[in-house]
Structure formats: C-alpha cells, structure tokens
2 protein chains.
Amino acid sequence: MTRETLTLFDTTLRDGQQTAGVDFSAEDKHRIARALDALGLDYVEGGWPGANPTDSDFFAAPPRLARAAFTAFGMTKRVGRSAENDDVLAAVINAGTPTVCLVGKTHDYHVKTALGVELAENRDAIRDSFAHLTALGREALFDAEHFFDGYKANPDYALSCLDAALEGGASWVVLCDTNGGTLPAEIGEIVAAVCARIPGSKVGIHCHDDTGMAVAGSLAAIDAGARQIQGTLNGLGERCGNANLTSLIPTLLLKAPYKDRFSTNVKAADLPKLARASKMLDEILNRAPNRHAPYVGAAAFTHKAGLHASAILKDPKTYEHVPPETVGNERVVPMSNQAGQSNLRSRLIDMGIAVEKGDARLANILDEVKRREDQGYAYDGAQASFELLARRELGLLPRFFDVERYRVTVEKRINARGDAITVSEAVVVCVVDGERLLSVSESRDAASDADHGPVNALSKALAKDLGRYQSYIEDLKLVDFKVRITSGGTEAVTRVLIDSTDAEGRRWSTVGVSPNIVDASFQALLDAITWKLIRDGADAAVLPGRAPAPAAAVPAE
Amino acid sequence: MTRETLTLFDTTLRDGQQTAGVDFSAEDKHRIARALDALGLDYVEGGWPGANPTDSDFFAAPPRLARAAFTAFGMTKRVGRSAENDDVLAAVINAGTPTVCLVGKTHDYHVKTALGVELAENRDAIRDSFAHLTALGREALFDAEHFFDGYKANPDYALSCLDAALEGGASWVVLCDTNGGTLPAEIGEIVAAVCARIPGSKVGIHCHDDTGMAVAGSLAAIDAGARQIQGTLNGLGERCGNANLTSLIPTLLLKAPYKDRFSTNVKAADLPKLARASKMLDEILNRAPNRHAPYVGAAAFTHKAGLHASAILKDPKTYEHVPPETVGNERVVPMSNQAGQSNLRSRLIDMGIAVEKGDARLANILDEVKRREDQGYAYDGAQASFELLARRELGLLPRFFDVERYRVTVEKRINARGDAITVSEAVVVCVVDGERLLSVSESRDAASDADHGPVNALSKALAKDLGRYQSYIEDLKLVDFKVRITSGGTEAVTRVLIDSTDAEGRRWSTVGVSPNIVDASFQALLDAITWKLIRDGADAAVLPGRAPAPAAAVPAE
C-alpha cells in the first residue's frame, strides 16, 4: 500500500513565542530551528519579521536549514492599499524567506467587527496578497483564522476565503481553530466538508488546546482528509497552548492506522531526537519539564503501583503501550511506599549491592524511606541520596569525615565607593582522621564580581580543604540546584535537590530537607560529596589510635 | 428533549494516589473527598483498604459525604479460594462502604501470563466476587482492566468477562484503557460494540493520557453510548495521568452537543468550585499549578499577542471560546514586551493610576519592564512589584524608609547537650526620617523549636522596628515563598516570588532577583512592605530639616 505523505509544520518560534512568559532570544531561535530541521520537520515558522526587534534580528541573520522550509509569518494585506504598498506585509517579504505563511480572516463576524471592512474586500485582500507572493516566487501558505467558528457562522463565506487564497496561488490552506473551542468530532465533520471541495493534499490543521483536545482534533482532521499538521514542541503556545507535536509525532509514527497509512519526514529512528528537542526547549525556557508528558515525560514509563511493577518485571508489554526506548525514554520502577521488596532488590543490584531475598534489612530500608518521605524527603529525583540511605541501613556506608560546625553569613552594605554590595561568606570546620580543618570561602564570581549566595559559599568552603580526600572532590561541580517548599509532617520545610557532575562525566542527584534552606542545602551537598568518595573508592576514616576501618564493599561500576 | 444522565466517578484518591511522588495523608483525602462531594461528583473512590496504612486509616474513619457514593477499590477474588475467604477482598468489604469498585482482568494474555490461571477460572472469579458483594447489599462496579487491548486480542473473552460481572450483579462495567494507548477512534468503535450488547446506562469509560488524548477518548466513549466517565482532578495519575475531570466537566456542561444532550449532578453554577478544587489539589501536593490548563489555568484566558489583545478589548467573544467567569476564571491581558501601550494604560487604570494616552512615560515603563525581564524579573506573577515599577517611572513612588545594611547568619553547631542545632539570625539597619533603627531577629519557631532559615529571620528583622511605619506592617504576613533559578542575561540568577497578606484580607505578590538568594528575597520583602505602605496611605519620609514630601497620589481602591 502506498503511503500518503503527512506534512509537519512547526510554529514553536512564532505561535509558541506568543505565550506569556516566553521571550526567545535570536540565539535561542537558532538552536531550536536547527533541532527542528534535524528532526525532519517540513516547515519551521521562525516568527513575524517586523513585529518585534528579536524577530527582525533573527530574520536578518536566519538559520541555514538543511531540509525544512524556513518560513516567515505575517498577515494578509490591509484593505485599502495594494499588496505592494502594505508596509507590514513588505517587512515579511523583505525577510527573504523561501516560504511565507499569512494569516487572514475567514469568519464574517471578525471581518466586519474586528477589521471593519466588507466581506468581499477581505476576500480580495486574501487573493491579492497571495498573488503578490507567488509572483515573487515564494511558496505561500494561508492560515485561515477562526475557520471553524467562521464555517459554523457562514460556511459559504469561509470556504470562499479558502478559494481566494488558492486562486492567488497558496500552496496550502490551513484551517485554524483559533479560539481552541471546537471539539474533535466537529473538526472532523468540517474538515471533511472542506476536503470534499479542496484536495486534502492542500489542507492543513492548526488546533489549540483550550479544551485539552488539540492532539485529538489534529488527528480527527487527518482522518477527515487533511494532510498537514501545525503544532509546537511541548504544545507551547498562548493560553492553553498549541497542538503538541511532541505527543503527535510518536503517535503518527508508532500507532496504527497512522504508521501504516502515512509517512513523514520524521523517521521512527529519529524519535529520540524529539525527546531531546523537548528537553532543550524546557531548558531554554527554564521550565521544569512536564514529568507526565506523553512519550517523553520522566514519568511516562514510570510504574509505581506494586501490582503493576511486578507484572512489568515479568513482561513490559503488559503495562506499556509502546516500548520506552522507541521514543528515547526509559522504564523506571521508582522507590516509594508502594513498591515492594522485589523492586528494592533489583534497584540495589543496579547499584552493585547484592542483598538476599528476604533479608530483614530490606524492610528496614523501606521503612526508613517512608519515614523520611513523611518528613519531606523525596528520593525519586535523588538516586544518590537513596543509595546512601540504603548503604547506611546495610552497614555499607563508610565514614569519611565529619562537619563539626559551619557558619554562613550574607551581608549587604554600602562599600567605600558608595555602592550597595552583597557579600556571602562561609566557614566550615571539618574533622578528617581526628584532625580539625577550618576553611573559609566567599561566593564572589571572579568574572562578574557578583555574589552567588550562601549555598555557593558553603559548597566552596566544604570543598576547600578535606585533607586527604581533597583530590577526590577537586572535579566535583554543582550544576543544578532546585528548591521546593513542601510539607514535612506538620510544618513547611524546604527541600533542596542538587545535581553534581565530575570529570568522568557522571551526574548524580542528592536531596536535603530542613525548615532552614541553608541546612537543607548542606545536607544535599554532604550527600553529593559522600557519594563521590564511595564511587571513587576512597578509604574510610582513620581514627587516631585505631587501625583503618575495613574498606567498604565498593561495588563494581 | 429529555436529557440523559451522565455519571461522574472520581478516582483522584485511588488512581491519583498511584502517581510517583504523590502521598496523600488521611487528612488530605478528607479535604479532597469533601470538595468532590460538594462539587457534585457521583462516586468518590477513596483508595484501597488494606493496601497501605494511610488507606486503612482513611477507611477506618471515612468522610461523611452528602451526595457522592463513597467507594472502596479492590480486586476480584483470586482463583482457588472463595470470595468469602479471600483476605484481600475481605479488607475491602470490611471497610463498610456503600459502594465497591473491583478491578479484574479481561485480556486473555494477562489472565494466563500475569495471573497464571485459566480463562474460565478468571471469569468465574469475576462473577463470584460480584455475587458476593451484591449479596452483602453493596453496590459494586467492575473496572475491566486492559479492556481495549483485551477486546482487540480476544473480543469474545473480554465481553464474556463483562457479562460475568453483570451476572454477578455489577451495577456498571467500566472499560479501562489501562495502558493508555488506545486512540479515540478505536475507543469509539469498541465502546459502540459493547453498547450494542449492554445498555449504555451500565457502561463506563476509564482512560489514561499516554497519547495525550484521554479527554477526547472519554468523549468518544460517550458519543458511542457509554454513560459514566472515570477521571481525576487535574488529570492526576500514574505515568501520564488519568482523564482530566477538570478539563472534561466544563466541556460537558458548556459545549454542544453535551450541554444539550446530557445532565450531570455537577451544575454549571458550580464550575467555580471545580477551579477551586483544582487549586486545592495543587496546594496539597505542593505542585505549581499548570498555568496552561484548559479552563482553569492562570493563562487559559491570558492574551499576549498585541493583535489579540486589542480585539479582546473590543469584544471578548472574538478570542475566547467560553466566557472565563463561567469557569471561575478571569481574563488577563498581561504586561510583557508584546503588549502595547493601550494594555498598559488599562492596567494602570485598574490600579487607580490614570495616565494620558500618548504620555511618553508609558514607553519608559515598557522599556523598564523589558530591561528587568532580561535580567530575570517576571512580572506576570508579581503584580505588586509591577505597580511599584510603574509608580517609580511616573514619579508616584513615595520614599518611606531606607535599609542601610543587613547581615544574615546561619550557623550549625553542637550545643551544650551535644545536639546539632541550626540558628539563623538577621540584623537590619533601617533609616526612618533620618534616624537609624537597628533590629535583630532569629527565625526560631516557638512551637517546634525549629529554625526557619535566613529569609524568615530577615523578614522578621525587617518588620521588627520601622519607627512610625510599624503599625502599618504589624499585620503583614508572608504566606508563600517560591524560588526559581533562572537566566538573567549571561548568568544564572535566583528569582524569588513572595505572597503577602494582611488583616484586610488583601493578597499581593512581589518579586526579587539576584545571584544571591537572600538578596533576591530581600528585594521581594522590601517591595511587599512598600506596597502595603502605599495602599494604606502612609506618609512619605520626612527628611531632617525639610518639610514633609508631598503625599503620593494614593489611588482609591
């Protein structure tokens, strides 16, 4: 069976940019555009040249895309001037992109009320805009704004606007559910009516998620004959967002009937790139990734319920609708109250710690986890701290050094020059092999002269002089720091999660909890250092007058 | 036209509880159950008695619900023992709830592989479990696990399991898409096949969001004849979550054809309660609310794009699919780069500050917002700080007091008794009317003796002695504190958002940004105090030797 082609159009950089709180720099846009191109998207809509300075800069020095058609967005010419003389349109054209996508009104109410012009004038403006673009040799797509509402109000008018765009030479007419309120069944019916008159190979769909059904609406349109989907990475977009390409693409590639009926320029082997592009966008926006996102979310293949977890270990097909590796994800059977001892044993084995089935200490570990979770600890995202907890219960946690005390000071004052400056300083007193080592650090950044706060000062002081352990921690770097106010029993506590890396490229997460944020950070820092010392095989503490403690059972990596 | 009844079944406290990172206390469950009951849900599934200590406690002292049927979850009896002698089932029964919901296998592969029993044995176990429950006078529902995969593999067997449950006296058979991978169109076809044999008034649907289409799948089932929907608040649930009742219920009540064809026990006037229940769940879980959630999200009716914003002010219908107030939400036209001066003017008017159209300072305000956003500030969630920024540009920001310097110390040491204790202390030097006032505070909590950290100490010291302004801030309370590491240009900075309240019940949000978390918190605290002094009409500073500064143009509330 010959497969039909489905075209994928990404508008992360244009419709996604319209989200409150989103402001891409030109550099951000370059990174995202390149990732979308590498992934296999057919069109990358870069923004609206002339609408704001960032977009104008971006189009002045556009990305070189290997495959995707780089597209400038704009709107159809205003009534009362020619396409040549519309300055807003001119700015879009002057960006010089191979492809242009123009939005225009197709809902009679909008034409008369929002634009304040006659229905025929609007239709002519659409036709003339596209005629102008195609005369200039550009490919031009029509975003039919408010199409579904428009069709319901005045179907003849809405369809005539599509005709006008096609007469002008538009390559695609994209039906936009601009307000996001059209249900998938209605979308299917209306798209079917359109595809009865216009070849589906020229019809696209652009949904918004205001009822939580943008993905389903897009598929309903494909079922009804449309052959282009417009959407964004992670469903980024105004209000409730656009159709989520990160959810749609895996469904199109992995699930019947789409995987059998259609082909796209995104290939199944490239799906892990989709997960990475999704993560990259979250990093650029400094957003916590959605753990529960379909396919790519950290929890998408995370099985907590005890029943499910045992069945999974027997046969993953039983509880997974697609194998996680096909989308660049992985199966996780996390530690928590509801996981049983069998999960715990397999987790310990992964860490290189073998414990016999039925060993009483397994229950101790589960109890300790529960006790700490009640206090506010969370181990799902802090595997290294969980390992230390387990080792402690199993008598496999070496003692390396103690911190006798610390003191952290943050001071804001006026300096000699009259400027307000902030200074953070930390003093740490460690005991290594019976010897007291005092260290003091500031958290001033050499380059920017900015002060990076009390936790930074504390981590520097902790890592400044650890006696014979110093060499192990020279390459330890704190790379992420997350703070969460949560509930620890009856009162609010602060939970700090720290990610650390080292020269070997390892990355591990530790957690600390306290009503005091500095103390919570201190716990997480201490766990991070301890974990590294264990992994690197450092010898345990030698107490004065005693023989060295037996080396910890260090697991093979 | 007579409307058919749609039944709504909430499983937030059971399926939602199975989410990694979710652990409701019995008290949490009581609050949520009461909210669901008040909202009009028909069934509230409280958990699995006997499966874990919290659930056993909860069912031992269950909530008194006015309308909703309080439901205990369990599983069908195991093969090889009678229903009376199955201890796991007994625990569920002994909870004494009026209603019980039992999950059972309907997918032949699961019966043989996961359970390891014969197909007929499983079917008998289903029938016998329900016969037992109905003999005891309970209402009993059947959750047909993996139904859609089971139907596709062996439709006769799957249907025979439904029949068995009904023969045993089940009131409903709920078709569960346990793996979440069945697409809405398939769900519709299979539900239609089931409803050809079983009255739709006994058929329910239970979807998961693994392809991002649980809501659409649930509606497809209703379209095909099912009359019960199972879901959770905020779509809480394992992996990618359950069908989101917070999205579904407004659609059922506000949108054709559902609002005309069906009635539920949730009424349109109660929709604002749904938004509040959604918020409450986020608070209990200490999760940041999803700003982009359909209907109830903070951004659901937030219009950023300049074009949209002007059209909205003319006629909201143009860009909103339902009026925001119908779902307890409100329209927001936020401050940002893309908003124009007209949005800014209307925002200032809302604050009681009138500025002429075309006033040059409007552009200054927009520029300053942009400049600060580039540094990491975010004003969408910090309206009070935004007001202070605008006032500063307009020359309407009184000067009340200065903070000459502060010093915050966090110290962890061993006390005389040998315990490790943490102590936070803050010293603040304020200048009020030329007089220097020194204050020192600790952040020790009197009740728990726990130390609440440097920011708490600083806020107490700041509010300890503000001279003649002291009375204004006696009732100022810091109620929420959010920390975010974000990007401020080339380096990472900490953004702190603080919510404050006062005796008049006002609640306002302020923001601070710095690489140093204490300094960021300090800025937000200072803004919070300044905003209150303005709102309360405090007089500006009197500098020694000078007449009092002119009173600020205090806006009428």
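The values are calculated or read from the model by the stated rules, or taken from the named source; none is laboratory data. Keep in mind that this is a model prediction, so the values were computed, not measured. When we count neighbours, we look across all protein chains shown, and the Cβ atoms used for this are built from the backbone with ideal geometry, even at glycine. With ligands, DNA and RNA removed, areas are computed over all heavy atoms of the protein, side chains included. Shrake-Rupley method; radii C 1.70, N 1.55, O 1.52, S 1.80 Å.
How large is Rg/Rh for the range A:75-155, to two decimals, with Cα atoms and a Kirkwood Rh? Value, to two decimals: 0.98. The string of couplings for the range A:518-535 from the Karplus curve (6.51, -1.76, 1.60, θ = phi - 60°) is 5, 5, 4, 5, 4, 4, 5, 5, 4, 4, 5, 5, 4, 4, 5, 4, 5, 4 Hz, one whole number per residue in order, with x for Gly and Pro. In the range B:402-535, the alpha-carbon atoms span a convex hull of 133 Å³ per residue. Per-peptide packing, taken as the mean over residues of other Cβ atoms within 10 Å, places A:435-447, B:495-507 in the sequence B:495-507, A:435-447 from highest down.
First check a/c for the range B:452-529, with a ≥ b ≥ c the square roots of the eigenvalues of its C-alpha gyration tensor; if it is under 1.5, answer rounded, and if not, answer prolate when a/b is larger than b/c or oblate otherwise. Because a/c hits 1.5 or more and a/b exceeds b/c, the range B:452-529 counts as prolate.
Beyond 29 Å, what share of the Cα-Cα pairs of the range A:1-160 is found? Please give it as a whole percent. So the pairs more than 29 Å apart make up 23 percent of the total in the range A:1-160.
For A:Val88 and B:Glu356, FRET efficiency with R0 = 25 Å and r from the beta-carbon atoms, rounded to 0.05? After rounding to 0.05, the efficiency reads 0.40. Scanning chain A for the beta carbon that comes closest to the axis linking it by rotation to B yields A:Ala216, 2, distance in whole angstrom.
For the range A:388-505, the relative contact order is 17 percent, taking Cα pairs closer than 8 Å that sit 6 or more residues apart in sequence and dividing their mean separation by the residue count. The A-B contact accounts for roughly 7800 square angstrom of buried accessible surface, both chains included, probe 1.4 angstrom. Label-point spacing for B:Arg413 across the identical copies (point 7 Å from Cα in the Cβ direction), in nm and ascending order: 2.0.
For the peptides B:228-236, A:358-366, residues were scored by their other Cβ atoms within 10 Å and the scores averaged per peptide; the highest-first order is B:228-236, A:358-366. Contact with the other protein chains removes 50 Å² or more of accessible area, compared with the isolated chain and a 1.4 Å probe, from these residues of the range B:169-191: B:Asn179, B:Leu183. When its C-alpha radius of gyration is set against 2.2 N^0.38 Å (N residues), the range B:52-107 gives a value of 1.23.
Per residue, chain B exposes 38 Å² of accessible surface when a 1.4 Å probe is rolled over the protein heavy atoms with every protein chain present.
The residue list A:Tyr43, A:Ile485, B:Gln18 was ranked by how far each Cα lies along the charge dipole of the protein assembly as shown toward its positive end, using unit charges on Cβ atoms, and A:Ile485 comes out on top. With the convex hull drawn around the C-alpha atoms of the protein assembly as shown, the volume per residue stands at 190 Å³. Any residues in the range A:226-243 that have 20 Å² or more less accessible area with all protein chains than in their chain alone, probe 1.4 Å, and which are they? In the range A:226-243, residues shielded by partner chains: A:Glu238, A:Arg239, A:Cys240. Per residue of B:410-419, other chain Cβ atoms within 10 Å of the residue Cβ number 4 on average. Position A:Leu438: other-copy label points at 2.4 nm, ordered by increasing distance, label point 7 Å along Cα→C-beta. Amide hydrogen proximity for B:Gly180: with H placed 1.01 Å from N in the peptide plane, the residues at 5 or more positions away or on another chain lying under 5 Å are B:His208. In chain B, a dipole from Cβ-located charges (positive for Lys and Arg, negative for Asp and Glu) runs towards its positive end, and of B:Leu389, B:Ile32, B:Thr2 it is B:Leu389 whose Cα lies farthest in that direction.
Convex hull volume of the C-alpha atoms in the range B:188-248, normalised per residue: 69 Å³.
Under 26 Å of direct C-alpha separation, and excluding same-chain neighbours fewer than eight residues apart, A:Lys259 reaches these lysines: A:Lys202, A:Lys267, A:Lys273, A:Lys279, A:Lys317, B:Lys152. What is the percent carbon and sulfur in the accessible area of chain B, measuring with a 1.4 Å probe over the protein chains and ignoring ligands? The C+S portion of the solvent-accessible surface of chain B is 50 percent. Give the lysines whose C-alpha is closer than 26 Å to that of B:Lys412, dropping any in the same chain fewer than 8 places away, or say none. Within the straight-line cut-off, B:Lys412 pairs with A:Lys412, A:Lys460, A:Lys464, A:Lys477, A:Lys482, A:Lys532, B:Lys460, B:Lys464, B:Lys482.
For chain B, the ratio of Cα radius of gyration to the globular rule of thumb 2.2 N^0.38 Å stands at 1.20.
About its Cα centre, the dipole of chain B is roughly 1140 debye, where the only charges are +1 on Lys and Arg Cβ and -1 on Asp and Glu Cβ.
Assuming a viscosity of 0.890 mPa s and a temperature of 25 °C, what translational diffusion coefficient in µm² per second does Stokes-Einstein assign to the range A:4-266, Rh being the Kirkwood radius over Cα pairs? It diffuses with D of about 136 µm²/s by this estimate.
Three principal axis extents describe the C-alpha atoms of the range B:160-262; from largest down they are 35, 34, 23 Å. Sorted from closest to farthest, the other copies place their B:Arg287 label points 1.6 nm away, with each point set 7 Å from Cα along Cα→Cβ. Packing, as the average of other Cβ atoms within 10 Å across residues, places the peptides B:187-199, B:516-528 in the order B:516-528, B:187-199, highest first.
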